[in-house]
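The values are calculated or read from the model by the stated rules, or taken from the named source; none is laboratory data. Please read all numbers here as calculations on a predicted model, not as lab measurements. Glycine also receives a Cβ, built like all others from the backbone with ideal geometry; neighbour counts cover every protein chain displayed.
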Amino acid sequence: MLIILGGLPGAGKTTLARALAAELKAVHLRVDTIEQAIRAAKVLTSEVGPAGYMVAYGLAEDNLMLGQTVVADSVNSLNVTRDAWLQVAGRVGVPAVEVEVICSDPAEHRRRVETRPTDVPGLVKPSWDEVIARPYDPWGRGHIVIDSARQGVEQSVAEVISRLPLGRRPTSRSA
């Protein structure tokens with residue numbers, strides 16, 4: 001199964017993705033980590049562009065073909081990237097679930113963006129102005145919405161797991 005997380009920086013995606021991957025014993029693919037590794041290689045003459053996503057799609061497909069559940073963690077703000085994740089699941093023939101992580105409290109969201117430390121060496125986190133100016137296509141199909149301002153990580157993990165397709169829920173450690 002491919003679990004596709006998206007949402008603005010600071011919404012709580014990576015926190016949820018890590019907890020979900022740990023609970024499901026799934027592979028966690030974080031585009032921020034991939035993009036920073038590409039930057040660190042110093043082989044590009046311009047911005048990373050779609051390269052990080054392209055690498056993540058390939059890694060996801062490899063792991064899905066091995067029978068692993070994959071939790072994809074990226075801003076995923078454009079329909080084209082969301083569609084590409086779904087195409088990965090389609091090529092492998094596994095179900096995909098889309099999860100949008102939001103923070104409905106603007107003051108809390110801003111606080112997170114402005115105070116969170118980087119956990120990827122060399123990664124420069126976006127400013128609040130960059131976060132709110134980012135292009136963000138509306139999610140036009142059925143998906144799960146997790147509001148990190150209204151519930152904690154454990155409750156969010158439980159909600160996502162409870163909403164996975166019946167008969168296709170990965171086995172978790174607590175099962």
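Here is a yes/no grid of residues against (1) surrounded by fewer than 20 Cβ atoms within 10 Å (Cβ to Cβ); (2) closer than 20 Å to residue 130 by Cα; (3) among the β-branched types (Val, Ile, Thr):
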| position | (1), (2), (3) |
| --- | --- |
| 4 | no, no, yes |
| 49 | yes, yes, no |
| 63 | yes, no, no |
| 85 | no, no, no |
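This table checks each residue for (1) at positive phi; (2) part of a helix (DSSP H, G or I); (3) at pLDDT 95 or above; (4) in contact with a strand residue (DSSP E or B) (Cβ under 8 Å, 6 or more places away or on another chain).
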| residue | (1), (2), (3), (4) |
| --- | --- |
| 87 | no, yes, yes, no |
| 94 | no, no, yes, yes |
| 97 | no, no, yes, yes |
| 111 | no, yes, yes, no |
| 118 | no, no, no, no |
| 124 | no, no, no, no |
| 129 | no, yes, yes, no |
| 138 | no, no, no, no |
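Out of everything in segment 9-22 that is among the hydrophobic types (A, V, I, L, M, F, W, C) and out of contact with any Cys (no Cβ under 8 Å at 6 or more places or on another chain), what residue ends up being surrounded by the fewest Cβ atoms within 10 Å (Cβ to Cβ)? Please lay out each step first, then the result.
So the first thing to find is which residues in segment 9-22 are among the hydrophobic types (A, V, I, L, M, F, W, C), and the list is 11, 16-17, 19-22.
Still in the list and also out of contact with any Cys (no Cβ under 8 Å at 6 or more places or on another chain): 16-17, 19-22.
Numbers: 16: 24, 17: 23, 19: 18, 20: 26, 21: 20, 22: 14.
Ranking the candidates gives 22 first.
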*With respect to residue 159, determine if the residue is without any contact (Cβ under 8 Å) to a residue 40 or more places away in the chain, surrounded by 13 or more Cβ atoms within 10 Å (Cβ to Cβ) and within 18 Å of the chain's Cα centre (by Cα).*
yes
*segment 23-47, subset in contact (Cβ under 8 Å) with a residue 40 or more places away in the chain and among the small types (Gly, Ala, Ser), residue surrounded by the most Cβ atoms within 10 Å (Cβ to Cβ)*: 26
_So residue 86, is it touching a helix residue (DSSP H, G or I) at 6+ places or on another chain (Cβ under 6 Å) and farther than 20 Å from residue 10 by Cβ_ = no
_Test set (1) in a helix (DSSP H, G or I); (2) surrounded by 15 or more Cβ atoms within 10 Å (Cβ to Cβ); (3) under 16 Å from the mean Cα position of the chain (by Cα) - residue 80 fails condition number_ = (2)
*asked:* If I go through segment 115-151 residue by residue, how many of them are surrounded by 12 or more Cβ atoms within 10 Å (Cβ to Cβ) and among the small types (Gly, Ala, Ser)?
replied: 3
_Please go through (1) under 22 Å from residue 116 (Cβ atoms); (2) free of Cβ contacts under 8 Å to residues at least 12 places away in the same chain for residue 58 and return the number of the only condition it doesn't satisfy._
(1)
*Report, by residue number, each residue of segment 45-74 that is closer than 21 Å to residue 23 by Cα and assigned to a loop (DSSP other than H, G, I, E, B).*
66, 67, 68, 69, 74
*asked:* For segment 87-114: of the residues being surrounded by fewer than 17 Cβ atoms within 10 Å (Cβ to Cβ) and among the acidic types (Asp, Glu), which is farthest from residue 161 (Cα to Cα)?
replied: 114
*Within segment 5-29, track down each residue that is in a loop (DSSP other than H, G, I, E, B), more than 17 Å from residue 146 (Cα to Cα) and small (Gly, Ala, Ser).*
26
